Amino acid sequence: EPVGEEGRGRKRGRGDELLEERERDLARRGLQQVATVDDKFVRRMLAALRKRADENTQARIKYADQPDQFMESELKLDEAIKDLQHLATSPEHYPSLIRHEGVPLLVSLLAHENTSVTRDCCLVLSELLDGDSVEDRLDEALELTESLVDNKLVGELEAVLRRCGNEAKDSEERECVFHTLTLLENMVDLKPEVAESVDDGAA
């Protein structure tokens, strides 16, 4: 189930409360000084992300027919993904992201059933490769781009576009398409050959 709004006129549920709690927490954390980004930071963020992903997978299996029971784990997973945005300020540590197997982890989460999780993975990856973020670290950005290609990211992004782009009825799906296309554009800017591997029918 999407993390975002599910429609107007319905009763408030636990999902609404959890979403508000998460937004308040992120607002509080935004006022705090971000820890120094280094190899240890990257390892810690990835370990937290793996833990949240595993917990969410287990909750979805255990409570397959009770979305309210796995909503909290989904919100925590989404938060752990967004924590990686801090890396965009330190592209010199992209090799750590690659070395500690962060790339296949993020690529795998693009196939998550929750569109919000997919959207935020695309958002984080697009920010990591944003031209303004990497203009002074093109070698590291290219290394990350090549790792993403090697881990079959382009095929996953094509699947995202087919899944969200055919209808894109709600804001989350539209945002997902936008961030996916932005990510592809950033990758092509860094490695033009990426354009040749994109299925024309997917975009």
- Where a residue in region 47-71 is among the acidic types (Asp, Glu) and its partner, wherever it lies, is open to solvent by less than 80 Å² (accessible area, probe 1.4 Å) and not in a helix (DSSP H, G or I), with Cβ under 7 Å and at least six apart: Asp68/Gly13
- Task: Run Val177 past the list (1) open to solvent by 60 Å² or more (accessible area, probe 1.4 Å); (2) at pLDDT 85 or above and report the number of the one that doesn't hold.
- Result: (1)
- Query: For the subset of region 103-151 comprising residues that are within 14 Å of Leu183 (Cα to Cα) and part of a loop (DSSP other than H, G, I, E, B), which member is nearest to the chain's Cα centre (by Cα)?
  - Reply: Leu110
- Item | Members of region 51-75 found to be within 17 Å of Cys121 (Cβ to Cβ) and open to solvent by 80 Å² or more (accessible area, probe 1.4 Å), listed by number | Lys51, Asp54
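The values are calculated or read from the model by the stated rules, or taken from the named source; none is laboratory data. Everything quoted here is computed from the prediction, not taken from an experiment. Please note: Cβ atoms are built from the backbone with ideal geometry, for glycine as well, and neighbour counts cover all protein chains shown. The area values use the complete protein model at the heavy-atom level, side chains included, leaving out ligands, DNA and RNA. Shrake-Rupley method; radii C 1.70, N 1.55, O 1.52, S 1.80 Å.
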